[in-house]
1. With r as the distance between the Cβ atoms of C:GLN161 and A:ALA283 and R0 = 45 Å, compute the FRET efficiency 1/(1 + (r/R0)^6) and round to 0.05.
2. Evaluate E = 1/(1 + (r/R0)^6) for C:ILE69 and B:GLN47, where r is the Cβ-Cβ distance and R0 equals 51 Å; express this FRET efficiency to the nearest 0.05.
3. Within straight cross-link reach of C:LYS60, meaning Cα distance under 17 Å, which lysines are found once same-chain residues fewer than 8 apart are removed?
4. Would you mind putting A:128-136, B:178-186 in packing order, based on average other-beta-carbon counts within 10 Å, highest first?
5. Note down the nm distance, to one decimal, between modelled labels 7 Å out along Cα→Cβ at C:LEU29 and at C:HIS201.
6. Provide the packing ranking of B:46-53, C:94-101, i.e. peptides ordered by the mean count of other C-beta atoms within 10 Å per residue, highest first.
7. Provide a whole-number value for the mean count of partner chain Cβ atoms within 10 Å of the Cβ atoms in peptide C:78-90.
8. Could you tell me which helices of chain C pass both thresholds, a Cα extent of 30 Å or more along their own axis and a mean Kyte-Doolittle hydropathy of at least -1.0, with helices taken as whole DSSP H runs?
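Please treat every number below as a calculation from the coordinates, not as lab data. Remember, predicted model here, so these are calculated numbers, not experimental data. Don't worry about glycine lacking a Cβ; one is built from the backbone with ideal geometry, like all the others, and counts go over all protein chains shown.
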Amino acid sequence: MEETRFKISPSPHIRDEDSTQNIMLTVVVALLPVWIAATYFFGFDSIRLVVLSSLSAIITEAICQKLRKRPVTVWDGSALITGMLLGLSVPPTLPSWMIVFGAAVAIIVGKQLFGGLGGNPFNPALVGRAILVISFPSPMSKWTIDGITTATPLMESAGNFAYHELFFGNIAGSIGETSAFAILLGGIFMYYRGVLDYRMPVSFLGTVAILSILLGQDPIFQILSGSLLFAAIFMASDLVTTPVTPKGRWIFGIGAGVILTVIRTWGSLPEGVTYSILLMNAATPLINRYTRPRIYGRGVKANG
Amino acid sequence: MGESTRMIIVLTVICMISAGVLAWAYNVTYEPILANRARALHSSIFQVLPGAEDVRVIEARPTSLAEDDEYSTKTVDSDQVLLLYQGLNANGKSVGFAYLSEETGYGGIIQVLIGVDENTEKIVGVTVVEHSETAGIGTKIEEEGFKSQFIGKGVNDPITIGIDIDSITGSTVSSEAMTKAINKNLGVAIQAYREAK
Amino acid sequence: MKHFYSDFIKGLWRENPTFRLLIGLCPTLAVTNNALGGFSMGVSTAFVLILSSTMISLVKHLIPDKVRIPAYIVLIATFVTILELFMNAYLPAIYAQLGIFLPLIVVNCIILGRAEAFASKMPVSRSIFDALGMGFGIIWALTSIGIMRELFGTGQVFGFQVMPSSFEPIGMMTAAPGAFITLGTAVAIVTYISDRIAKKHAKGKKATE
């Protein structure tokens, strides 16, 4: 792969085998158990949505790069991940053309308009999801399980759902977000490969849990329902749109957790995960700036 | 003439001319604006009371009003007052009455105006006056297909979601709130109207 | 005569306040969720702009330089209030749709901008043509944004169904993000065409030299 620009950062640098392609491949493999679980619970719809979404994302990316007269880099896998994430975060009944539209807009508005991979301030998959929710609120909130339309667990009172059902995924929801077990499996794999920093999901989920207890809600229910776990592991861990410093990652996770709890508790939206992460994405450059590590030998009083 | 004197004079003259022009414009438009406002209030009353062409406001003092209903009523001399809008037809005869009711929906208060027929004492029209439900989902309570389900219901057939009323897919909470708002004070309002008549 | 033509024509494209100068964008984004909203906002702004430019150009020699801004604001506010009262009286539906953005025309930088940059320096006749050009520039800009947003957001234009019934409206277009996306796209298209014209122009010049 040809690099068009160099990134300059202070030494020391570590040499390893990581390349964009390698990292992206790890994420794709980590997403597989989620996809398999989704296919088990939702059947063909899961395959249809994820395949269409990925194809749309990849083709749109290639067309955009051609138009911008840039090298076509769709084989780095980043568009594939955007497509898979988006496909997994929509309800199973979503019409095919909507997911194609959503993935294309996610790539155009969420990524290529900002200059492509590395330049985008917002997670493209979440941009796509936000656009779909605003544009087609009704199809985007049609949750079915076994063919019966229900409100998402979040809208019902807690206690109507057994923890093990929430954990394994036999509940209504977006196709990829229901099986906590499969998501954790993918997360552990990414952690093992060094792609996932534990700080992000731990601070995000921890904040939500603590705030839930303080507000008198069921913390386990709050974590397992909705798309929180899926987003905390796969979307908040996006390397481009989240802080690079360890301290910054703690701040990001805590901030997202606070925003999410506020939206869930007092907001009028059914789910706040998308917006909590997007808002923290917007704050990422600021977090990076204020958590920049001290340059060795500078910034401290000589006799202090 | 000093510079500051000139500034004062010029600004004063400009402001005086402006004030004069605005006074004229205000006078010319005063009547039509008042008429518009009355029309806006009346048109939603006429919407829920077919045949009504004029409105008379009745201040009823019902004995037992649902406690959590504080918006459509006001308290006068420690008495709760329910405002009933009596609809009069072209001959000045009453066709029924309308009243406001509220319930908390998904995004805030849903305020509905309910029209009740004079003779049958059944609902003849429902309209949503104010709401802040999720755009595209909860806002479907405003659609004719949903609202028309309430027509023909009376105090003796309590309205239940799922049996009498089809809830809107994706907006269970909004549909339920609207049903509750209509159920809540129907009996009280009919009773109060009978007494006030 | 040549002056009048160029004073008028520049507001339509080359110095279009919305697409080229990028001023007065707050109402542009806020009320263009349908074609009628964009059109009526455009006409309202153009109405105030034409009257205020004419008036300011008429009285410019009487107003001491130090108090010109307050004097202009009083004049503009007067015209806006007259417009507001008459719309409330005779066009209540449009008045309700434009809402707070109607009185906010007072602080629209297009109007004070033209007063400062043009009407306060030029003769009345030229100021009128300048205001007319800018006014029509705003009208077509806001109306076209409104048409695009209403078309994709509801499938209608000026309230008439134009899209086939199988078309699923893209709700985002009538919401706030749609305003930004449509404006950005429109500015990109206008800039692209302008660049093409400028390039052609430069080539033509070279050839004749």
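1. For R0 = 45 Å, the calculated efficiency reads 0.60.
2. Computed FRET efficiency for C:ILE69 and B:GLN47: 0.60.
3. Those lysines meeting the cut-off are C:LYS121.
4. Averaged packing, sorted descending, gives the order A:128-136, B:178-186.
5. About 3.0 nm separates the two model spin labels.
6. B:46-53, C:94-101
7. On the way: counts 9, 2, 0, 5, 8, 1, 2, 10, 5, 2, 5, 10, 4.
What the average comes to for C:78-90 is 5.
8. Qualifying helices, which must be both long enough and hydrophobic enough, are C:35-59, C:68-90, C:124-154, C:176-208.
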